[in-house]
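Engineer: Sharing a structure here in structure tokens format.
The values are calculated or read from the model by the stated rules, or taken from the named source; none is laboratory data. Just so you know, these numbers come straight off a predicted model, no measurement behind them. Reconstructed Cβ throughout: ideal geometry from the backbone, glycine too, with neighbour counts over all protein chains shown.
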Amino acid sequence: MSSHEPPTPVRLVPLPPFKPDLYERAWQSVPHPTLPLLATTHQKSVTVFSLSTLSAHSSLTNGHERSVRSATWQPNLPPHKLCLITGSFDSSAGLWRWEDEGQGGGDSLEVEMTGGAKEDSEEKDWELIVVLEGHDSEIKSVAFSPSGQYVATCSRDKSVWIWEDVGASEDDEWETIAVLSEHDGDVKSVAWCPDTNRSGRGRYSSDVLASASYDDTVRIWREDEDGEWACVAVLEGHKGTVWGVQWEPKPKTDRFPRLLTWSADRTVRIWTLKEEEDEPEGTARHTFGRLGGIPNTMRRSLKEEWNCTAILPTAHTRDIYSATWSPATGRVASTGSDGVIAIYGEESVDANGAGGATTEDEATAELDGDVLMSNGHSENKPEASKQWKLLSTTPNAHGPYEINHVTWCKRYDTGCAPEKRGIEEMLVTTGDDGIVRPWQIS
């Protein structure tokens, strides 16, 4: 049996806020995948903070006509190159680049991010390279695929667009390869499945996309054998707008990553793919990354079955706007309109990916009995979420203001022990008060 850290009560200790205060509603803060940087979206701009100094590193301005709602870092770039894609209420997405080539490469950038050459970094500018246009309304979320080949955008126009990088190595040329219009409402969030330990698993291509919507559902999208993107599952169960979705960042088993969703119905849910029985090595499933080349008689249905295998303990009294799943500990944190930060821990994960002694089918059967009470709270059967415990709640985390986003983030600041820099985790919350606030877990 493999397990996450056992759930022990935790306490959030506020660290000094990032400087400067933004003095206006901030939407989201996104950590860079490998460097000590954090990008925060607010008004028509993005401020990039150094996680080493907890202060501004650079900013992206003069690219959008309305608020920037979302941002995503391009993965797999060398340390001296940075790339962000921003999604705005002006219906466009912008691709920005920041380079430090010829200035000592990654070492120079590292010096800047640790506060050694701040004067230089302020003189450098982000450059808006490409504007991705096509949506009819506000873009709510943008996400790079793990390979960096694709970008997904979603909008109030009820659609998800997938863009592919078709340029040569040094050229930025993007084209739309899919417009997915099966949601019945505003699409709030998109998330790509991470490259985890699932190499060679699954029946289709390696890229899998999830989208969450105002229509109370989450949809899963994959490429079919003809290279067309298709909806392979609709996850139904939330009783209100699904504000967001995140994949399990580092599964502790060899199961396909689970999904985390959160909603206006004040619940956080975990979803698990019902995988088919493993087949012997060498069968069509393992031989082909996609269905191309497999005779029609051997092709399987694209449809997938996803089950809700946990509803986390009730911790919120209003909409849950954001949740985050830690790759290091497996803990989940959530926040939202009530200004509360909640942290949850999972008892253990058995070989089937279910918690405690509850099997996937048992958990699903138990959850089928949930009812929404007149007070708006979900009355869960005790077994349904017994593998998840509420470890702490921190009220009024941003005073009277709503909190729009929470994320796990590696610590690089001087308050962290040197041997734990880049290893120890903190939480970062972003709110309507324009303050980006880091929290130590104790």
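Engineer: Answer yes or no: is there a residue in the range 346-358 that is hydrophobic (A, V, I, L, M, F, W, C), closer than 18 Å to Val268 by Cβ, modelled with pLDDT of 95 or more and in contact with a strand residue (DSSP E or B) (Cβ under 9 Å, 6 or more places away or on another chain).
Structural biologist: No; the residues of the range 346-358 include none that is hydrophobic (A, V, I, L, M, F, W, C), closer than 18 Å to Val268 by Cβ, modelled with pLDDT of 95 or more and in contact with a strand residue (DSSP E or B) (Cβ under 9 Å, 6 or more places away or on another chain).
Engineer: Pairs needed: first member in the range 240-258, at pLDDT 90 or above; second member anywhere, basic (Lys, Arg); C-beta distance under 6 Å; at least 6 residues apart or different chains.
Structural biologist: Trp243/Lys188; Glu248/Arg258
Engineer: Still on this structure: Please go through the range 398-432 and pick out each residue that is closer than 20 Å to Lys140 by Cα and of a type in the set (D, E, K, R).
Structural biologist: Glu402, Asp432
Engineer: Please work out if Ile311 is farther than 17 Å from Ser263 by Cβ and modelled with pLDDT of 95 or more.
Structural biologist: For Ile311, the condition - farther than 17 Å from Ser263 by Cβ and modelled with pLDDT of 95 or more - is not met.
Engineer: Examine the range 42-49 for a residue that is touching a Phe, Trp or Tyr at 6+ places or on another chain (Cβ under 7 Å) and outside any strand (DSSP E or B), and state whether such a residue exists.
Structural biologist: no
Engineer: Hey, can you tell me all the residues within the range 111-156 that are surrounded by fewer than 18 Cβ atoms within 10 Å (Cβ to Cβ), among the acidic types (Asp, Glu) and at pLDDT below 90?
Structural biologist: Of everything in the range 111-156, those that are surrounded by fewer than 18 Cβ atoms within 10 Å (Cβ to Cβ), among the acidic types (Asp, Glu) and at pLDDT below 90 turn out to be Glu119, Asp120, Glu122, Glu123, Asp125.
Engineer: Out of (1) touching a residue at least 40 places away in the same chain (Cβ under 8 Å); (2) touching a Phe, Trp or Tyr at 6+ places or on another chain (Cβ under 8 Å); (3) under 30 Å from Ser155 (Cβ atoms), what's the single condition that is false for Leu12?
Structural biologist: Condition (3) is where Leu12 drops out.
Engineer: Which count do you get for residues in the range 200-221 that are in a loop (DSSP other than H, G, I, E, B) and at pLDDT 90 or above?
Structural biologist: Residues in the range 200-221 being in a loop (DSSP other than H, G, I, E, B) and at pLDDT 90 or above: 4 in total.
Engineer: Please go through the range 323-338 and pick out each residue that is closer than 14 Å to Trp439 by Cβ and either in a strand (DSSP E or B) or free of Cβ contacts under 8 Å to residues at least 60 places away in the same chain (or both).
Structural biologist: Listed by number, the residues that qualify are Thr324, Ala333, Ser334, Thr335.
Engineer: Quick one: would you say Gly336 is touching a Phe, Trp or Tyr at 6+ places or on another chain (Cβ under 7 Å), within 19 Å of Trp262 (Cα to Cα), modelled with pLDDT of 55 or more and among the small types (Gly, Ala, Ser)?
Structural biologist: yes
Engineer: Another question, then. Tell me, which residue of the range 165-199 that is in a loop (DSSP other than H, G, I, E, B), polar (S, T, N, Q) and under 17 Å from Val151 (Cα atoms) is modelled with the highest pLDDT?
Structural biologist: Ser181
Engineer: Among all residue pairs at least 6 apart or on different chains, which show Cβ distances below 6 Å where the first residue, located in the range 24-37, is within 18 Å of Tyr321 (Cβ to Cβ) and at pLDDT 95 or above and the second is surrounded by fewer than 18 Cβ atoms within 10 Å (Cβ to Cβ) and among the hydroxyl-bearing types (Ser, Thr, Tyr)?
Structural biologist: Taking only residues 6 or more apart or on different chains, not a single pair turns up.
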